[in-house]
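The values are calculated or read from the model by the stated rules, or taken from the named source; none is laboratory data. This is a predicted model, so every value here is computed, not measured. Here the Cβ is made from the backbone with ideal geometry for all residues, glycine too, and neighbour counts use every protein chain on show. Accessible surface areas use protein heavy atoms only, side chains included; no ligands, DNA or RNA. Shrake-Rupley method; radii C 1.70, N 1.55, O 1.52, S 1.80 Å.
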Amino acid sequence: DRFILIGDHNQLPAVVAQPAEYTRVTDEEMNAAGLYNVRSTLFERLYKLAVENGWTHAYGLLARQGRMHQEIMDFPAKYFYEDRLETVLSRQQVSFPDFTSQGTGVSGFLPMLATKRSLFVHVDPDKTVFSKMNDPEAIMIKKILTDLRALYASHGADLRNTTIGIITPFRAQIININQHLSVEHSDLDILVDTVERFQGGARDIILLSMVVSIPGQIRMISETGKGEIDRKMNVAITRAREQLIM
């Protein structure tokens, strides 16, 4: 009598290799059925069709999430999910650990790392011409992990018991980051990969290395359509359980 699809059209669809001109649908009857591009998933097409026709009985939102801490959740909840997300676990509401920092650390951002669940760290642009790798960001990630290790140790904890994810858009930057971390932090539980490979997963701490520093490069790391949110950014910032460092 009925079927149920469960998914999230605000996250990434399957990767399509063909150029856009080969996936566009121009047939009027297909357009009337909501099919304008074969890149669109069945889930997304049916959801939009239901919204456009006011079929509120046909769709709903699973708003309770058990991954992100409340402070990390606030941004995606407001901008991607109509401010309707809720937490379900007690750990998602607890205050940040009572860390105190001595000085600024090797990264220069130790006080922020000690007190904030979600933070943006400024890194100067890479001066090289290779647009898919950013060495200053890789170096900063190594310094941040050094500071986090010292911060945890000073409060009787071990960073080796924490799962860490580093998300970056390009394979070249993955290799670059792994090379920087191969000696000093090889004992940590770290996964370095693209946002596509992180979809569906989670880590205690997520670091984002966005690589680009010129406005014209933004489209290289974005996944947006007409009137849509940036799906890649949504997936990237919602992988973190306890701390998000951008």
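Quick rundown of the values:
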{"quantity": "Kyte-Doolittle mean at least 0.0 and Cα axial length at least 27 Å: DSSP H helices in the chain", "calculated": "135-154"}
{"quantity": "Met112 accessible area, 1.4 Å probe, all protein chains in place, Å² to nearest 10", "calculated": "60"}
{"quantity": "Computed helical MRE - 222 nm, the chain, DSSP H runs ≥ 4 contributing -39500 (n - 2.57), nearest 500", "calculated": "-9000 deg cm²/dmol"}
{"quantity": "For Thr146, solvent-accessible area (1.4 Å; no DNA, RNA or ligand), Å²", "calculated": "40"}
{"quantity": "Rounded FRET efficiency, nearest 0.05, which uses the C-beta distance separating Val94 from Asn161 and R0 of 22 Å", "calculated": "0.80"}
{"quantity": "Accessible surface, the stretch 75-152, averaged per residue in Å² (probe 1.4 Å)", "calculated": "58"}
{"quantity": "In Å², nearest 10: area of Glu223 left accessible to a 1.4 Å probe", "calculated": "70"}
{"quantity": "Stokes-Einstein D (µm²/s) once Rh is taken as the Kirkwood radius of the stretch 168-246 over alpha-carbon pairs, at 4 °C in 1.567 mPa s", "calculated": "95"}
{"quantity": "Most to least accessible of Leu61, Leu145 (protein chains only, probe 1.4 Å)", "calculated": "Leu61, Leu145"}
{"quantity": "Alpha-carbon Rg with Dmax, taken over the stretch 6-79, Å", "calculated": "15.6, 46"}
{"quantity": "Read-out mean projected area of the Cα convex hull in nm², derived from the coordinates shown; its label in (1) 13.3; (2) 17.5; (3) 16.3", "calculated": "(3)"}
{"quantity": "Fraction of antiparallel bridges per DSSP, the chain only, in percent to nearest 5", "calculated": "5"}
{"quantity": "The stretch 30-126: chymotrypsin sites (Phe, Trp or Tyr not before Pro) falling in loop per DSSP and having at most 12 other Cβ within 10 Å", "calculated": "Trp55, Phe120"}
{"quantity": "Zone residues, the stretch 187-223, relative to Leu5, backbone N less than 12 Å from point 7 Å out along Cα-to-Cβ", "calculated": "none"}
{"quantity": "Cα gyration tensor category, rounded, prolate or oblate, for the stretch 26-167 with a/c compared to 1.5", "calculated": "oblate"}
{"quantity": "Lysines with Cα under 26 Å of Lys143, excluding same-chain neighbours fewer than 8 positions away", "calculated": "Lys116, Lys127, Lys132, Lys232"}
